[in-house]
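The values are calculated or read from the model by the stated rules, or taken from the named source; none is laboratory data. Values in this document were obtained by computation on a predicted structure and should not be read as measured data. Positions of Cβ are generated from backbone atoms using ideal geometry, with glycine treated the same way; all protein chains shown enter the neighbour counts.
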């Protein structure tokens, strides 16, 4: 079940509402379990591609499926709502809920059929794994950059996602903290590999976490490579 | 005391008879200053009820306008904002037509509750709701639109259906703006004059709110009788607006 591959084919043209730039997005790629890096300059359409996968933006044409489970198909009109996709999306801004404690943030994504005390227990357990259990009852306003990152990642892992999307969540961190965190994340991902996309424009980040890399420029995929081929050298 | 009719001058621009209310005698009530408390308490009762109603309807409308795109959205916005600039007499006319004793709604309400909407306390509440509604819709909509949309999207990706994301994320994050809106609504409800006079009349003990009682007292050169009401209304509005200012100022700073 967790070994399904995510296949993405989306076309999205300029003048679509909410589109800030006149970007034509036209991409197709596969994301097997493990980390695939989506690499390219800002404005290349990386975040927009993630938004399509999460269901936040509806492409004009294309098909998005996880194994046999179709999330979007412009031919059949199928469209699975955001909240039914179980996609963990770690935003660049992290999007921690400011009016909730760290534990409440993490518990938010745990399915409702789990009773609240159990949700809290799972949340604190995940915060412990991310080494921020001491923040459980504090609100995000008081967190440092690295701490906020860890809570956001704990929230993503705790929801037991089927797909994980990381939209440059490490870009604001200093190098030392970043390396340590990237190592922990890759360990956690290796426990239970699911299709994971890391968006970045920093080669060292890509090399540390990624197994494959998809290069994207001006809304088009220019190259796909395995990290063992040393695509950045 | 005369509870049956609509007494005080000037009643030339308000003829309840035309809407099915009978005035056995149009006699001017003489009020002693100890009776200022009655209209004030009535004003508070009506304003509190109106605020609750305006909150329920207004927050719902604001949420729809802030989050959904549909044909006619701008028209709904205009409809709920219009009372700010519409003459009270025009609004009052519409209410009398829509909810008067000859209207379908008016008759249905009377059949259900045994009391008519117009020229009763219910009418005064309706009048106050109409005055307060635009303030609630406008302020709550702004507060909802100022919340970070990424947070709502994050909630959705974490498995929350749209309504849960609204009630657990967007609404609590907008609480300052909503609290400010409800205070404005209360202050506005407290002071309604025009629409109240049109649809509820000026019946002492029933629909004579402080705003109307003040008018009566001034007309009759009994300013002394209005002093307490004027002071209370002024003080309360100043305090409410001060708190509203505090709430919305802190909301804007990060």
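A few comments on the model shown:
- Within the option set B:241, B:236, being part of a helix (DSSP H, G or I), exposed (fewer than 15 other Cβ atoms within 10 Å of the Cβ) and touching a helix residue (DSSP H, G or I) at 6+ places or on another chain (Cβ under 8 Å) holds for one residue only, B:241.
- The range A:144-168, residues that are touching a residue at least 40 places away in the same chain (Cβ under 8 Å) and over 24 Å from residue A:44 (Cβ atoms): A:148, A:151, A:153, A:154, A:155, A:157, A:158, A:159, A:160, A:161, A:162
- Among the candidates B:188, B:156, residue that is free of Cβ contacts under 8 Å to residues at least 12 places away in the same chain, surrounded by 14 or more Cβ atoms within 10 Å (Cβ to Cβ) and touching a helix residue (DSSP H, G or I) at 6+ places or on another chain (Cβ under 8 Å): B:156
- Where a residue in the range A:51-71 is free of Cβ contacts under 8 Å to residues at least 24 places away in the same chain and within 13 Å of another protein chain (Cβ to nearest Cβ) and its partner, wherever it lies, is surrounded by fewer than 22 Cβ atoms within 10 Å (Cβ to Cβ) and assigned to a helix (DSSP H, G or I), with Cβ under 9 Å and at least six apart: A:51/B:153; A:71/A:84
- Condition met for residue A:172 (without any contact (Cβ under 8 Å) to a residue 12 or more places away in the chain and away from chain B (no Cβ under 11 Å)): no
- Among the residues of the range A:188-205, those that are under 23 Å from residue A:66 (Cα atoms) and either buried (at least 21 other Cβ atoms within 10 Å of the Cβ) or without any contact (Cβ under 8 Å) to a residue 24 or more places away in the chain (or both) comprise A:190, A:191, A:194, A:195, A:196, A:197, A:198, A:199, A:200.
- Checking A:117, A:111 one by one, the residue that is farther than 27 Å from residue A:183 by Cα and within 13 Å of chain B (Cβ to nearest Cβ) is A:111 and no other.
- Filtered by the rule that a residue be at the interface with chain B (Cβ under 7 Å from one of its Cβ atoms), under 20 Å from residue A:47 (Cβ atoms) and at pLDDT 95 or above, the range A:89-99 gives A:89, A:95.
- For the range B:68-117, a residue qualifies if it is exposed (fewer than 10 other Cβ atoms within 10 Å of the Cβ) and more than 30 Å from residue B:144 (Cα to Cα), and the qualifying residues are B:104, B:111, B:112, B:114.
- The requirement of being within 20 Å of residue A:173 (Cβ to Cβ) and surrounded by fewer than 19 Cβ atoms within 10 Å (Cβ to Cβ) is fulfilled somewhere in the range A:121-132, by at least one residue.
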